[in-house]
Structures are given as C-alpha cells and as structure tokens.
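Below: the structure, in structure tokens.
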Amino acid sequence: MSEPASISSGIAQRYAMAIFELAKEDNSLQAVDSDVETLDAALKESTDFRALIHSPIYSREQQQAAVAALAEKMGLTATVGNTLRLMAAKRRLFVLPQLVVALRERLAEERGEVTAEVTTAKALTEGQRTKLAETLKASVGREIKLNTTVDESLIGGLIVKVGSRMIDTSIRSKLDTLQHSMKEVG
C-alpha cells in the first residue's frame, strides 16, 4: 500500500471507530448501517458528490454547507451528518470512500458477518446467491454477506474473495494459466 493510501486509510479508520462507538452507545448501529448504504449508493451514482469530496476547488465552508444539506436530504443520522461536517471542516472528505468501507467492516464484524466479494461473468440468480452464501458459510463458519459484481471478461465461472483468501474459478484465469504453460513448453 502506498503511503498516501495508508494515511487515508488510517484517517478513515479513526473516523469509522468514532462513529461506530457513538452509534453503539446510542443503540443506533442499524441506523448507521442504513447511512453507510446510502452514502455508498451516493458515491457510486453521483459524479457531483464525488467531485465535491475530492475537488480542492471548493472551500471548507462550501463543503460544510453542501454536506450539511446532503446529510439532511439523505436522512442521515446526526452522528454521521456531524462527522461529515467535521470532515469537511478539516478538509478530510476525500477519505469518505474508505470511511464507508471501514464502517461496513466494523458493522459486519459486530453482527458476526464476513463480506465475500464475488465477481461473476453474468449476474447470479437468487438461488445461486443463496447456495453460494450457504457454501461459504459452511467453509468460513460465519454468516456471509455477498457483495457481487459482474465482469463479462471472465467468460464464465467466478472469483470469490473472503478476507485474505481468494478462489478463482473463472475461465479467463484457466485460459491464462494454459497460455503460460504453453509458452514454457514451446
């Protein structure tokens, strides 16, 4: 990990811990979980929102006013809204994507869940999702939350990442392995 990335991650972890601890004291972990999903969706869908948190063009005051209005419009909890305003005041909104990831991890850990990152060649049916989650639960021994993405370049199969383990059964991976072994032969 590069130094700036590790610094951003450290900043995000501190904010995530503060939000998590405050929410735990207030028994509002479920509301914060909802806030995390709302922020994640906003980060994925809105280029304007991403520009607001990353662009140095906006002043502290402009960022504070914008995140205050957005927090109210999104219906975020006071804890998360106040944290976003504080982050804007300190010019730290750029760590918001890492904050979302860190908070999601803390909340999942609190629930005893593990998130599995699953990449497939085509979208999984609900039955396939359920079966995959059950299989992973049997392997890992904890509840599994699937975070799925589609990458058609895999051709077929899937890639599953759970913690530091990765299982790659994609056809693209098998073709790459075959190509490398053929280069060694001839």
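The values are calculated or read from the model by the stated rules, or taken from the named source; none is laboratory data. Remember, predicted model here, so these are calculated numbers, not experimental data. So basically every Cβ, Gly included, is an ideal-geometry build from the backbone, and we count neighbours across all protein chains shown. We work out accessible area using only protein heavy atoms, side chains counted, and drop any ligands, DNA or RNA first. Shrake-Rupley method; radii C 1.70, N 1.55, O 1.52, S 1.80 Å.
Scanning region 133-145 for residues that are surrounded by 13 or more Cβ atoms within 10 Å (Cβ to Cβ) and out of contact with any Asp or Glu (no Cβ under 9 Å at 6 or more places or on another chain), we see that the one that is modelled with the highest pLDDT is Leu136. Lys183 meets the conditions (1) exposed (fewer than 15 other Cβ atoms within 10 Å of the Cβ); (2) part of a helix (DSSP H, G or I); (3) in contact (Cβ under 8 Å) with a residue 12 or more places away in the chain in every case but one. The failed one is (3). Restricting attention to region 90-102, the residues that are in contact with a helix residue (DSSP H, G or I) (Cβ under 7 Å, 6 or more places away or on another chain) and open to solvent by 30 Å² or more (accessible area, probe 1.4 Å) total 5.
Residue-level check: of (1) open to solvent by less than 20 Å² (accessible area, probe 1.4 Å); (2) touching a helix residue (DSSP H, G or I) at 6+ places or on another chain (Cβ under 7 Å); (3) not charged (D, E, K, R), Tyr15 misses just (1). Pairing residues of region 5-30 that are in contact (Cβ under 8 Å) with a residue 24 or more places away in the chain and under 14 Å from Met87 (Cβ atoms) with residues that are open to solvent by 30 Å² or more (accessible area, probe 1.4 Å) and among the aliphatic types (A, V, I, L, M), at Cβ distances under 8 Å and at least 6 apart in sequence or on separate chains, gives Ala12/Val101. Assess whether Ile53 counts as being crowded, with 17+ Cβ neighbours inside 10 Å, among the aliphatic types (A, V, I, L, M) and in contact (Cβ under 8 Å) with a residue 60 or more places away in the chain. In short, no. When region 146-180 is filtered for residues that are surrounded by 15 or more Cβ atoms within 10 Å (Cβ to Cβ) and either touching a residue at least 24 places away in the same chain (Cβ under 8 Å) or closer than 13 Å to Thr115 by Cβ (or both), the ones remaining, listed by number, are Leu146, Thr148, Leu154, Gly157, Leu158, Ile159, Val160, Lys161, Val162, Ser170. Under the condition of being more than 24 Å from Ile171 (Cβ to Cβ) and part of a helix (DSSP H, G or I), the residues counted in region 140-159 number 1.
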